[in-house]
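Notes follow the structure.
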Amino acid sequence: MDVTLLEQSLRSHRTVQVVGDSGAGLTTLATQIHREWPGAAVVQQDATAHVSYLRDTVIEEIALGLEQRSTPTLEMLERCNTILTAAGLADLAERNPAQLSGGQTRRLAIAAVAVLQPDVLLLDDPFAGLDPTSCTRIAHLLDTLPSKVVILGTRTRDIDSEVLTLAGGHLTPGAPTPHPLELPQRVTPVGAPIDLGEISATRGGSKRKWWQFRNDTQPTFTAGPIHLSVRLGGAVWLRGDNGAGKTTLLRAMAGLDGNPGLEQTRRVAVSLALQRAADQLAESTVAAFIGDDDAVRALDLDPDTHPLDLPAAHFRLAQLTQVFAQGRPLVLLDEPDVGLDTPTRNRAHALIADGLARGQAVIFTCHDADFAAEVGKYAAVEYAFQ
């Protein structure tokens, strides 16, 4: 890929946004620059790829790269504290990295790479899954860095920067022409509300991995109680900041992390789309992952492709298709909007609407108020706060 235009833009601008649809080659561009440009560093879409989980605290995790570069101790401490403050992670400095929320983990990943002060820092969809406060913190962090910054994403952000479009493997100046948003027809809920009762959740206090022979000594994380009810054909938006416990509650409803689950407590069968789609993968083909031939054809995906070889947005659609195809009455969606461009966003809304029209109920989390408002255009959405 010819990156001359990006090089020229970085000579005259400190920050450049490169915007393209899912599958346009944004991740390929990041990989190429990391390989070809000395002094370039990349923060991948998957934030967990930048967290070793070999350190017991957030600040130690951030210091790992500096430690490997033999940075003097006092300088290392100063740089770590500075980046923690800039990223809004100072109050989590002594937290175990494994106990962070998805949004907090993303901020940690960015901080762990940014603290190395590369000449050019590329971030692949860095605002995905972040609440507005966290987005503001990351924008502030990027402003404080000595590095040049390249932000890759599927839509432009309100950031002082040059904007380039990536399409068909080519970079062009300016922002892309927006795709039209196409929402489904209105779906009407059916029947009386189903009372799910008081939902409480617990995570932690047990072995995290099979090879850890002793219990985690860190404090147990709890969420709730929160009273929830749903209507078949209707949706509930579970709201809260990063770290509030939304994911913990969804996992508890599905019977994970040692919690009994709604099927046991309320006899309500549940399907859960995890926040990180790869955590749900146990099959080697799209056909086996989704488990429904008609649904695979409707997505227009090669059934023999490995799901991890799909663009992130298409992998998300395959995951959503899988959980709705299970046909259970309650579908839990943990940040289903993350990584979607407008065409795949349209398709995600269609999948949700189809599930509601079949009489399934949905409880979803997201930090994008626009996405939730879009759901409200075709579904009856109630609000719950954690």
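Which loop trypsin sites (Lys or Arg not before Pro) in region 44-103, with loop taken from DSSP, have no more than 13 other Cβ atoms within 10 angstrom of their Cβ? Walk me through the intermediate numbers first.
Working: sites: 55, 69, 79, 95; in loops: 55, 69, 95.
Here the sparse-neighbourhood loop sites are 69.
Would you mind calculating the gained length between residue 183 and residue 52 on full extension (0.36 nm times residue separation, minus the Cα-Cα distance), in nm to one decimal? Mind dumping the intermediate values first?
Numbers: separation 131, 0.36 × 131 = 47.16 nm, distance 4.05 nm.
Between residue 183 and residue 52, full extension yields an extra 43.1 nm.
For the pair residue 358 and residue 1, what calculated FRET efficiency results from E = 1/(1 + (r/R0)^6), where r is the Cβ-Cβ distance and R0 = 45 Å, to the nearest 0.05? E(calc), rounded to 0.05, equals 0.60. Residues in region 163-168 carry Karplus couplings, in order, of 10, 10, 10, 10, 8, x Hz; the curve used is 6.51 cos²θ - 1.76 cosθ + 1.60 with θ = phi - 60°, and Gly or Pro positions show x. Residues whose amide H falls under 5 Å from that of residue 42, counting only those 5 or more places apart or on a different chain, are 122, with hydrogens built in the peptide plane.
Please state the shape class of the chain: rounded when a/c is under 1.5, otherwise prolate if a/b exceeds b/c and oblate if not, all from the C-alpha gyration tensor.
Verdict is oblate for the chain.
Here the label points at residue 67 and residue 119, each 7 Å from Cα along the C-beta direction, are separated by 2.9 nm in the simple model. Name the residues of region 318-347 whose amide N is less than 13 Å from a point 7 angstrom out from the Cα of residue 377 along the C-beta direction? It comes to 342-343, 345-347, nothing else. Exposed loop sites are taken as chymotrypsin sites (Phe, Trp or Tyr not before Pro) in a DSSP loop (any state but H, G, I, E or B) with at most 10 other beta carbon atoms within 10 Å; the longest stretch of the chain without one runs 1-209. Working from label points 7 Å from Cα in the Cα-to-Cβ sense, the residue 170 to residue 256 distance is 4.3 nm. For residue 18, the residues whose amide H sits under 5 Å from its own are 151, 152, 153, 164, ignoring neighbours fewer than 5 places away on the same chain, with H placed 1.01 Å from N. Taking all protein chains into account, the per residue accessible area for region 193-384 stands at 44 Å² (1.4 Å probe). Using a simple spin-label model with pseudo-atoms 7 Å out from Cα toward Cβ, residue 305 and residue 190 lie 3.4 nm apart. Here region 193-384 is treated with +1 on each Lys and Arg Cβ and -1 on each Asp and Glu Cβ, and its dipole about the Cα centre works out to around 720 debye.
Against the main long axis of the alpha-carbon atoms of the chain, helix 132-144 sits at an angle near 10°.
Under the rule a/c < 1.5 gives rounded, and otherwise a/b versus b/c splits prolate from oblate, where does region 106-204 land using the Cα gyration tensor? Because a/c hits 1.5 or more and a/b fails to exceed b/c, region 106-204 counts as oblate.
Take region 68-132 with all the other protein chains still there, run a 1.4 Å probe, and you get 40 Å² of accessible area per residue.
The values are calculated or read from the model by the stated rules, or taken from the named source; none is laboratory data. From a predicted model like this one, the values you see are computed outputs, not experimental measurements. A quick note on method: Cβ atoms are made from the backbone with ideal geometry, for glycine too, and the neighbour counts reach across all protein chains shown. The accessibility values were calculated without ligands, DNA or RNA, using every heavy atom of the protein model including side chains. Shrake-Rupley method; radii C 1.70, N 1.55, O 1.52, S 1.80 Å.
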